[in-house]
1. Give the number of residues within the range 229-254 that are polar (S, T, N, Q) and open to solvent by 50 Å² or more (accessible area, probe 1.4 Å).
2. Being farther than 27 Å from Trp306 by Cα and either out of contact with any helix residue (DSSP H, G or I) (no Cβ under 9 Å at 6 or more places or on another chain) or at pLDDT 90 or above (or both) narrows it down to one of Gly65, Gly36, so name that one.
3. Condition first: within 20 Å of the chain's Cα centre (by Cα) and open to solvent by 20 Å² or more (accessible area, probe 1.4 Å). Now tell me which residues in the range 128-143 satisfy that.
4. Among the listed residues Ser168, Ser117, identify the single one that is at pLDDT 95 or above, under 21 Å from the mean Cα position of the chain (by Cα) and not hydrophobic (A, V, I, L, M, F, W, C).
5. Hey, among Glu111, Glu50, Glu87, which residue is touching a Phe, Trp or Tyr at 6+ places or on another chain (Cβ under 7 Å), open to solvent by 30 Å² or more (accessible area, probe 1.4 Å) and among the acidic types (Asp, Glu)?
6. Sort out which residues of the range 187-228 are over 21 Å from the mean Cα position of the chain (by Cα), open to solvent by 40 Å² or more (accessible area, probe 1.4 Å) and either of a type in the set (Phe, Trp, Tyr) or closer than 30 Å to Arg329 by Cα (or both), and write them in order of number.
7. Can you pull out every residue in the range 216-262 that is within 20 Å of Met327 (Cα to Cα) and touching a helix residue (DSSP H, G or I) at 6+ places or on another chain (Cβ under 6 Å)?
8. Any residue that is closer than 19 Å to Arg181 by Cβ and polar (S, T, N, Q) - is there at least one of those in the range 107-116?
Amino acid sequence: MRLYEDRLNLLSKLTLQRAMNGAGIWSSYHASRITGSPAISGLPMSMSIEPTTSCNLRCPECPSGLRSFTRPTGMLSEEVFRHVMDELGGKLSYLTFYFQGEPYLHPKFTEMVAYASAKGIYTATSTNAHFLTEENARKTIESGLDRLIISIDGTTQDTYQAYRVGGSLEKVLEGTRTILRLRKEMKSVTPHIVFQFLVVKPNEHQIPHVQELARKLGVDRVALKTAQIYDFQSGSPLIPDQDAYSRYRKNDDGTYAIKNALSNQCWKMWHSCVITWDGKVVPCCFDKDAHHVMGDVKTSTFREIWLSDQYNAFRSTLLRSRSDIDMCRNCTEGTKVWA
């Protein structure tokens, strides 16, 4: 399924209720920017929910891979998930089953996807593809998953494992071939399959190779993604030489700075959020360790949390001085290049 077909699929999920909700969020966001005072009219249009923080790999710039979380590791409860979907399903347009960790490690992952898909929500996930067995690939297609992002950060094993520590490129390719074959055999147009290539210095020379590999396999799209470096000021061996694929610029004194201007606005704070595996609501995917918890869906309704004084105080800080929020200081929203 090519990009235009994927977009048509997304548009097909639009209902009057979702359109009205989106219009309310969009208008209240722009009103907030003009007045400098947070207003919110509607519920999130998109959301990320975390099946698990567990992961089989040890990627060097990932809290799951580094095992560096201060928050606990665990699995999303089906009961909590269904509770959120039952509350938001009619207004939520896009649901990503990913925050940290490997989604396929959750034993009920595809069942949860099917539950959201049955509500007409566009569903997506991101995986390292080490668990795309015949059974899991078939269940994935049957679940109605709309988009499957496969992380492939090298086209040779040496390059791949330089970032995907502990991973096997052949497993990634085997899983990709399996789901592509089954999608064809089952006469399904979903999931839309994306190769996501995290561009770092060790693999930047392989950008043309991954595009050719995707073409040969029949993958629908390649996404070139820039890497977030946590301690970027002194530089990193992961920062690529090609400026187009780096989030950071080198200063005259040899230090590094983030490229984008830190303006006092953020659309994400109005239209989306993240729910961690244990039910905590955090405002953004940059809050990897859940330092900015706005509430807990196990003890409050999502609406109560979303419209709470605490959440609006956070939005107010962002509108007044975004640089005061720690996670925002390394934010580069919109740094994915579609090849």
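1. Just the residues of the range 229-254 that are polar (S, T, N, Q), to begin with: 233-234, 236, 242, 246, 251.
Okay, now just the ones that are also open to solvent by 50 Å² or more (accessible area, probe 1.4 Å), so 233-234, 242.
Residues that pass the stated criteria total 3.
2. Values: Gly36 fails: farther than 27 Å from Trp306 by Cα.
One residue alone meets the criteria, Gly65.
3. His130, Phe131
4. Numbers: Ser168 fails: under 21 Å from the mean Cα position of the chain (by Cα).
Just a single option satisfies the conditions, and that option is Ser117.
5. Of the residues listed, the single one that is touching a Phe, Trp or Tyr at 6+ places or on another chain (Cβ under 7 Å), open to solvent by 30 Å² or more (accessible area, probe 1.4 Å) and among the acidic types (Asp, Glu) is Glu87.
6. Lys201, Pro202, His205
7. Thr226, Leu262
8. Step one: list which residues in the range 107-116 are closer than 19 Å to Arg181 by Cβ, which gives 110.
Then keep just the ones that are polar (S, T, N, Q); that gives 110.
Within the range 107-116, one or more residues are closer than 19 Å to Arg181 by Cβ and polar (S, T, N, Q).
The values are calculated or read from the model by the stated rules, or taken from the named source; none is laboratory data. Small disclaimer: the values here were computed from a predicted structure and weren't measured. Cβ sites come from the backbone with ideal geometry, for glycine too, and all protein chains shown count toward neighbours. SASA here: full protein model, heavy atoms, side chains in, ligands and nucleic acids out. Shrake-Rupley method; radii C 1.70, N 1.55, O 1.52, S 1.80 Å.
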